[in-house]
Amino acid sequence: MKGKKHKKIIKKSMYRTLLQIVKRKGHTELYDDRKVYGSCYFACRNAHLSEKEAEEICNKVAAAVTKWVKRHKIVSSNEIFRILIQELKKHNEDAAFLYETHRDIS
């Protein structure tokens, strides 16, 4: 992303504006709060939280990340990763650690 000027990358649907996320390899895809929730849930369950605890935490984390994403012009998957960790740490340090250290490095 060095040296390039970026515009807000959006697509309009009939019901809402959809934000595109710049992925690590440079391609884009639509932001999906279900992916944020799923990643959070997986980390919480691996931290041995109950389904109910994981659901409660992940609903809060996904909402906070989505709110953050909507306030920014350009969003990369790395930024979402960092914000998700930050939000998850507010609720469970172990789950945040597991999420942070088990990221796909490909």
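Shown for the range 10-101 is the translational diffusion coefficient from the Stokes-Einstein equation, using the Kirkwood radius over Cα pairs, a temperature of 20 °C and a viscosity of 1.002 mPa s: 159 µm²/s. Taking 0.36 nm per residue of separation and subtracting the Cα-Cα distance, full extension of the segment from THR101 to HIS72 would add 7.9 nm. Dipole magnitude for the range 10-101: computed about the Cα centre from +1 point charges on Lys and Arg Cβ and -1 point charges on Asp and Glu Cβ, it is near 680 debye.
FRET efficiency for the GLN20 to ARG45 pair, using the beta carbon distance and R₀ = 35 Å, is estimated at 0.75.
Where a number appears in this text, it was derived from the coordinates with a stated rule and is not lab data. Every value quoted in this text rests on a predicted model; they were computed, and no experiment measured them. When we count neighbours, we look across all protein chains shown, and the Cβ atoms used for this are built from the backbone with ideal geometry, even at glycine.
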